[in-house]
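Taking it in order: structure first as structure tokens, then the write-up.
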Amino acid sequence: MDNLQAQLTQLMQNLQLEDSPAGGSVVVYHKGELIAQANAGYAVPETPWDNQTLSLNFSTGKGVLVTLIHILVSHELLDYDQALAHYWPEFGVNGKQQITLRQVLTHQAGLFNIQAVTDAAEDMINWQQMLSRVEAMNPQDPVNEKAVSAYSALVSGWVLGGVIEKVTGKTLNEVIDEYLAEPLGVAGSIYFGVPKQKLASVATLTKNFEDFDSLIGLSEDSQSDQSAPKKRSSKPKLRSDSEQTLGVYQGLAAYSCWQHTFKQQAGNQQQDSDNASLNTLDIANLYFDMSSIQMQDFKYALVPAGRSGFDYYTADALMAKIPAANNVASAEALATMYAMLANKGHWQGKQLISEQVFQQLSKIHVEGQDAIMPAANPHSMQWRLGYHRVFSRCFDSDELNSAFGHMGYNGSVAWCDVERELAVAFVHNYDVTMSTDIRQFAIIETILQWADENLK
């Protein structure tokens, strides 16, 4: 396993590109054992990354949320095919009376439109208000009539988090601790709503380093011009690739397959594609194809109608419960959870998920185009029960039939491969999005290639 450790250590250093002092952590398990971990950069000022660093992982946390659901199904507290209104009567109005847990998990419930819930992003930090608005919302079909699913990027968090609290009578974090974190031995490393005392240890974007104390609400003097936080854009900054960045890409293990795929797609339209120097956009477009998306659906799912900006890294946002979007966890915790899933629900002598439930959660339930997520080639997320396929262009979908997980808006990702008995988590604080950054794909392809060469 030493060669994987060396590969990932070098890879994480290479993937710093021009984004220092930002960095991240990648953790790999095989057969329930930690086999590799690599870190780079700084999480917060003067604190280097390690595999225990808490990180905001956006939708990567959906994997945590749905794993908790599957554990509760195994305990017979929930049923995939029971109407959610059975557990949550207030939810069963306005056309939602028959919506089941299975439909929500496969993104076929029509509950994707955040604009039907709120027109102000700031509302999202108010848990009870958002639950009330989700209770009152109407389901709807996507504009794209070809789509067989519509990814609920935000709304699903309140739906699933709400039903979890209804059936357990406990807060979401209490349920996480009791049913997931404590059995896995990762208590204190997975949250939907970070405790105030842990704010200072959550990795933040390097653009926030200068006024870090103010950002997380720890400044003693917020009145002076000196202590007031500088205005920050909530959107990642886009920039052109430097020659150094392009050179790093060319040295990556996946580059030859990326170039081969690019050549195939270019065909006769680009005769010199053999020698093409692929940039970030070229590589990202191998995984995401926005041409398959109706922009109205995309906006419905991701943008409150008021279009007000929202900074997930502020103290208020980190401490709020926004389960579809603001999970905070360490790479170690996420990798441990997926190591349990790679072992079909078993972990160190404990059975967290029953065999019957695991068979349900891990099989592909939906094939076909998603209205929101622009998955390229095939145009399919291959939705399991809450998880999607592992994105690779160097291995086809048949080779990864037993691999599933979830990525986040910022390009963080966690996944497992049951056949290969692998579990992987990658988290970071680079100021990027999943569609404008290639790091997660470089890491996925590197690990899969290593597994193909060493685990036969």
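The values are calculated or read from the model by the stated rules, or taken from the named source; none is laboratory data. Being a predicted model, the structure only gives us computed values, none of them experimental. No Cβ is skipped: glycine too gets one built from the backbone with ideal geometry, and neighbour counts run over all protein chains shown.
Of the residues ILE35, ILE71, which is over 19 Å from the mean Cα position of the chain (by Cα) and under 21 Å from GLY193 (Cβ atoms)?
Values: ILE35 fails: under 21 Å from GLY193 (Cβ atoms).
That would be ILE71, the only listed residue that is over 19 Å from the mean Cα position of the chain (by Cα) and under 21 Å from GLY193 (Cβ atoms).
Can VAL73 be described as at pLDDT 95 or above, among the β-branched types (Val, Ile, Thr) and under 17 Å from HIS406 (Cα atoms)?
Values: at pLDDT 95 or above: yes; among the β-branched types (Val, Ile, Thr): yes; under 17 Å from HIS406 (Cα atoms): no.
No, not satisfied.
Report every pair of residues separated by at least 6 positions or lying on different chains whose Cβ atoms are under 6 Å apart, first residue within the stretch 21-39 and part of a loop (DSSP other than H, G, I, E, B), second of a type in the set (S, T, N, Q).
Cβ pairs passing all conditions: PRO21/THR206; ALA22/THR206; ALA22/ASN429; GLY32/ASN343.
Run ALA6 past the list (1) among the small types (Gly, Ala, Ser); (2) surrounded by 20 or more Cβ atoms within 10 Å (Cβ to Cβ); (3) free of Cβ contacts under 8 Å to residues at least 24 places away in the same chain and report the number of the one that doesn't hold.
(2)
Could you go through the stretch 428-446 and let me know if any residue there is assigned to a helix (DSSP H, G or I), of a type in the set (Ser, Thr, Tyr) and either touching a helix residue (DSSP H, G or I) at 6+ places or on another chain (Cβ under 8 Å) or closer than 28 Å to ASP19 by Cβ (or both). Spell out how you get there, then give the answer.
Start the filter on the stretch 428-446 by keeping residues that are assigned to a helix (DSSP H, G or I), which leaves 439-446.
Then keep just the ones that are of a type in the set (Ser, Thr, Tyr); that gives 446.
So of that shortlist, the ones also either touching a helix residue (DSSP H, G or I) at 6+ places or on another chain (Cβ under 8 Å) or closer than 28 Å to ASP19 by Cβ (or both) come out as 446.
Looking for residues that are assigned to a helix (DSSP H, G or I), of a type in the set (Ser, Thr, Tyr) and either touching a helix residue (DSSP H, G or I) at 6+ places or on another chain (Cβ under 8 Å) or closer than 28 Å to ASP19 by Cβ (or both), one finds at least one in the stretch 428-446, hence yes.
Just the residues that are in a loop (DSSP other than H, G, I, E, B), polar (S, T, N, Q) and within 17 Å of the chain's Cα centre (by Cα), please, taken from the stretch 154-207. Break it down stepwise before answering.
Our first condition is that a residue be in a loop (DSSP other than H, G, I, E, B); within the stretch 154-207, this holds for 154, 169-171, 185-189, 192-195, 203-205.
Still in the running and polar (S, T, N, Q): 171, 189, 204.
SER189, THR204 - these are the residues of the stretch 154-207 that are in a loop (DSSP other than H, G, I, E, B), polar (S, T, N, Q) and within 17 Å of the chain's Cα centre (by Cα).
Considering each residue of the stretch 46-64, count those that are in contact (Cβ under 8 Å) with a residue 12 or more places away in the chain, surrounded by fewer than 23 Cβ atoms within 10 Å (Cβ to Cβ) and not in a strand (DSSP E or B), and give that number.
Matching residues across the stretch 46-64 total 3.
Determine which member of the set ALA315, ALA333, ALA414, ALA376 is under 27 Å from TRP49 (Cβ atoms) and out of contact with any Ser or Thr (no Cβ under 7 Å at 6 or more places or on another chain). Write out each step before concluding.
Values: ALA333 fails: out of contact with any Ser or Thr (no Cβ under 7 Å at 6 or more places or on another chain); ALA414 fails: out of contact with any Ser or Thr (no Cβ under 7 Å at 6 or more places or on another chain); ALA376 fails: under 27 Å from TRP49 (Cβ atoms).
Just one listed residue meets the conditions, ALA315.
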